[in-house]
Amino acid sequence: AAAAAAAADDDERGKLMPGGQFKKEVTREVLVSSKQRQKRKFVCTVRGLELFGVKLADACKIFKKKFSCGASVVETADNKEEIEIQGDVKDEVVGVIEKELGVDIKSIFFVEGGGTKATKIPAAPA
């Protein structure tokens, strides 16, 4: 009975690590953001697709064809990979992620701002 209770605690807080500390589970969400590159040039970034079993190179190819623009897989400073799409396609990319890649819209978020002031806005209409 004690083992079952310990397993229930393990599920609520994450994975139990040696020393009694807990490691949080990774939240499965796709983050879409847009930043200005030059005067009228924008770059749209998509993070977290690999958590849904999507190969980033295949998703990149779909974005290139759909938006008729350049897209590439880029490694970030924290050694994670994201897709960079040329152009301000932040609003249109949500539909493509949902329809073509099969990701639920409740898992897709827009990121506004940067650094410590970044806020997540759900892409699903309220």
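Observations on the structure shown:
- Between region 30-45 and region 49-126, the C-alpha centres lie 11 angstrom from each other.
- Here the spin labels are modelled as points 7 Å beyond Cα on the Cα-Cβ line, and at Phe42 and Ala124 they lie 2.4 nm apart.
- Three-way shape label, region 35-102, alpha-carbon gyration tensor, a/c 1.5: oblate
- Under 5 Å, built H, 5+ apart or other chain: amide partners of Val54: none
- Backbone HN-Hα couplings from phi across region 68-82 [Karplus 6.51/-1.76/1.60, Hz, Gly and Pro as x]: 6, 8, x, 8, 8, 8, 10, 8, 8, 5, 8, 6, 10, 9, 9
Since every read-out is calculated from the coordinates, none of them should be taken as a lab result. Predicted, not measured: the structure shown is a model, and the values here were computed from it. Here Cβ is always computed from backbone atoms with ideal geometry, including for glycine, and neighbour counts include all displayed protein chains.
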